[in-house]
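Engineer: This is the structure, below, for whatever I ask next.
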Amino acid sequence: MRIALLSSEVVPFAKTGGLADVAGALPKALSKHGVDCRIVLPLYSQIDRSVLSDEIIEDVPVQWRGQVRPTRIFQSDAAGAPAYLIEAPDFFSANSIYGHANDHERFAFFSRAALALVKHLDWQPDVVHGNDWPCGFAMAELRARRRYDEFFKNVKTLFSIHNLAYQGAFNARDLWWLGFGESPEKDAFMLEGNASALKAGLLAADALSTVSRRYSQEIQGSEQGAGLDWILRARRDRLAGITNGVDYELWNPETDPYIAANFSTADLSGKRECKLDLLRRFGLPQEPERPIIAIISRLVAQKGYDLIKQSAGAIIETGAFFIALGAGAKEYEDFLQRWHESATNRVGIYKGYAGEPLAHQIEAGADMFLMPSYYEPCGLNQMYSMRYATVPIVRATGGLDDTVTDFDPEEGTGTGFRFREYHAGPMLDKIREALYFYNHPDAWRKIQLNGMAMDNSWEAAAQNYIKLYEEIIAL
Ligand code: ADP
Ligand code: GLC
């Protein structure tokens, strides 16, 4: 089976969030099952060139704005599966992955170059697997190409939704020169007078998937449907929900090279060292008995920061430390800064994207991990937390609902604490409940061990993807 996996971010090359973790881990897991899965991503200027191999593919002919643009493609095995990185300095040398006025142009070029590449290599994928709106262009183009290009006649498409709220909107006038000016492509893109790359992907792909079962249901309703729920309802027989896995080669407290001391279910003592190390890193007092509540996330409304803002005082009153790592909206960065200044001995913050080591150190050193998300397609940090004996406190939405279970003190079952209503009160109640059990070490140990025993490896997810690819190929 041949799968071309397209993604705008991939670990270890470029990352802003969980999509990169998934696009890095899934191909590796598929390869272990004999799938010939190859990754395609843009060659951003911030990518460390030392991970690239010397073999360069020159002069891939990409049709762009009425001309052929010869494009260079680099290769790398650093993700554990072959990766192709598309060079286009005029598009990919900006110092951030997203957020440019011409993002639609950048990723339309990426999509077109990815298809040109597989044809140039004469490597015919069974399925082109696109992820999120930047790959919506490839889904639309492939459907069009099947009408006139023999090479793509039998190539199928899967479009995975990691976040329905990012819709890749742009001025519909640009559809003409991007090559999508005529029906049915134009219709696929049109959304409320603008063009949307996400909508084009949702309509043009042969099949759709999302990253948890719960989210696949939620996006069929108006509350989480982001205006596109009607498409997901109409195509529900082609919509799968496959929960993401964890790459335990990278996220494993027994072997993690970034953390102060390794630990395991058999011996948790290293976690205390990790906690002291974490307190040191954030300039907080060495008080290991005091619990640490942590959060690592993009600073956006999705992640529930409004609830944290409303509860800042009450959280401090519980007696816990709070440690936050995040990059994003100025409103939330300013809030974190003010909160830190008002309680320097209790609130530790890092504003910005810190890369992998600090994220691992927080997972290892914290006692509790807070994810009060308004919505969460899957969420990875709750799964990382459980493996690191850090107890998740989550809002029961999307993948958080699928992967965390409530602690039941009578049965001794459950891996965390969940609240349902998106309000500060229920969140604070769960924080207090977690802190109560933190002070009952036997119960706490039980929750930690339950979480560590969870198997969220990519194994199950990879098998589900293989089944899904087989179904798509048979369409
Ligand atoms: P999302 O994809 O919505 O951002 P996920 O929970 O799926 O949420 O994945 C987030 C990933 O990004 C995790 O690997 C997390 O550790 C990482 N991450 C988020 N913010 C930062 C940051 N500021 N610095 C370092 N890593 C971060
Ligand atoms: C998105 C979602 C997150 C998910 C990640 C990987 O960024 O917000 O919930 O875990 O993609 O699928």
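Engineer: With assigned to a helix (DSSP H, G or I) and hydroxyl-bearing (Ser, Thr, Tyr) as the only criterion, which of SER183, SER222, SER216, SER209 stands out?
Structural biologist: Of the residues listed, the single one that is assigned to a helix (DSSP H, G or I) and hydroxyl-bearing (Ser, Thr, Tyr) is SER216.
Engineer: Kindly indicate whether any position in the stretch 27-38 is within 30 Å of TRP176 (Cα to Cα), open to solvent by less than 70 Å² (accessible area, probe 1.4 Å) and free of Cβ contacts under 8 Å to residues at least 40 places away in the same chain.
Structural biologist: no
Engineer: Okay, next question. Does ARG420 qualify as being charged (D, E, K, R), at pLDDT 95 or above, open to solvent by 20 Å² or more (accessible area, probe 1.4 Å) and over 20 Å from the mean Cα position of the chain (by Cα)? Step through it out loud before you land on a result.
Structural biologist: Values: charged (D, E, K, R): yes; at pLDDT 95 or above: yes; open to solvent by 20 Å² or more (accessible area, probe 1.4 Å): yes; over 20 Å from the mean Cα position of the chain (by Cα): yes.
Here the answer is yes, as ARG420 does meet what is asked.
Engineer: If I ask for residues that are of a type in the set (S, T, N, Q) and in contact with a helix residue (DSSP H, G or I) (Cβ under 6 Å, 6 or more places away or on another chain), which ones from the stretch 219-259 would you list?
Structural biologist: GLN220, SER222, GLN224, THR243, ASN244
Engineer: Can you confirm whether SER50 is assigned to a loop (DSSP other than H, G, I, E, B), open to solvent by 10 Å² or more (accessible area, probe 1.4 Å) and more than 24 Å from VAL211 (Cα to Cα)?
Structural biologist: no
Engineer: Now for a different question. Is at least one residue of the stretch 369-388 away from ligand 1 (no atom under 15 Å from the Cβ), open to solvent by less than 50 Å² (accessible area, probe 1.4 Å) and part of a loop (DSSP other than H, G, I, E, B)?
Structural biologist: Scanning the stretch 369-388, I find no residue that is away from ligand 1 (no atom under 15 Å from the Cβ), open to solvent by less than 50 Å² (accessible area, probe 1.4 Å) and part of a loop (DSSP other than H, G, I, E, B), so the answer is no.
Engineer: Could I ask something else about it? Just to check your reading of the model, which residue among LEU178, LEU198 is open to solvent by less than 10 Å² (accessible area, probe 1.4 Å) and within 23 Å of the chain's Cα centre (by Cα)?
Structural biologist: On inspection, the qualifying residue turns out to be LEU198.
Engineer: With under 24 Å from the mean Cα position of the chain (by Cα), under 23 Å from THR210 (Cβ atoms), in the same structural domain as ASP277 (by TED's automatic domain parsing) and part of a helix (DSSP H, G or I) as the only criterion, which of GLY399, GLY451 stands out?
Structural biologist: GLY399
Engineer: Can you name the residue in the stretch 298-321 that is touching a residue at least 40 places away in the same chain (Cβ under 8 Å) and of a type in the set (Val, Ile, Thr) and, of all such residues, is most open to solvent (accessible area, probe 1.4 Å)?
Structural biologist: THR318
Engineer: Restricting the search to the stretch 251-264, which residues are open to solvent by 80 Å² or more (accessible area, probe 1.4 Å) and over 25 Å from VAL347 (Cβ atoms)?
Structural biologist: GLU254, THR255, PRO257
Engineer: Taking the options ARG290, ARG281, name whichever one is more than 30 Å from LEU164 (Cβ to Cβ), open to solvent by 30 Å² or more (accessible area, probe 1.4 Å), within 16 Å of ligand 1 (Cβ to nearest atom) and at pLDDT 95 or above.
Structural biologist: ARG281
Engineer: Related question: Does ILE295 fit the bill of being free of Cβ contacts under 8 Å to residues at least 60 places away in the same chain and either buried (at least 20 other Cβ atoms within 10 Å of the Cβ) or in a helix (DSSP H, G or I) (or both)?
Structural biologist: Working: free of Cβ contacts under 8 Å to residues at least 60 places away in the same chain: no; either buried (at least 20 other Cβ atoms within 10 Å of the Cβ) or in a helix (DSSP H, G or I) (or both): yes.
No: the conditions fail for ILE295.
Engineer: Right, another one. Spot the failing condition for ASN154; the list is (1) open to solvent by 10 Å² or more (accessible area, probe 1.4 Å); (2) within 23 Å of the chain's Cα centre (by Cα), and only one is missed.
Structural biologist: For ASN154, the failing item is (2).
The values are calculated or read from the model by the stated rules, or taken from the named source; none is laboratory data. It should be emphasised that the depicted structure is a prediction, and the values quoted were computed from it without experimental measurement. A quick note on method: Cβ atoms are made from the backbone with ideal geometry, for glycine too, and the neighbour counts reach across all protein chains shown. Just the protein is used for accessible areas: all its heavy atoms, side chains included, with ligands, DNA and RNA removed. Shrake-Rupley method; radii C 1.70, N 1.55, O 1.52, S 1.80 Å.
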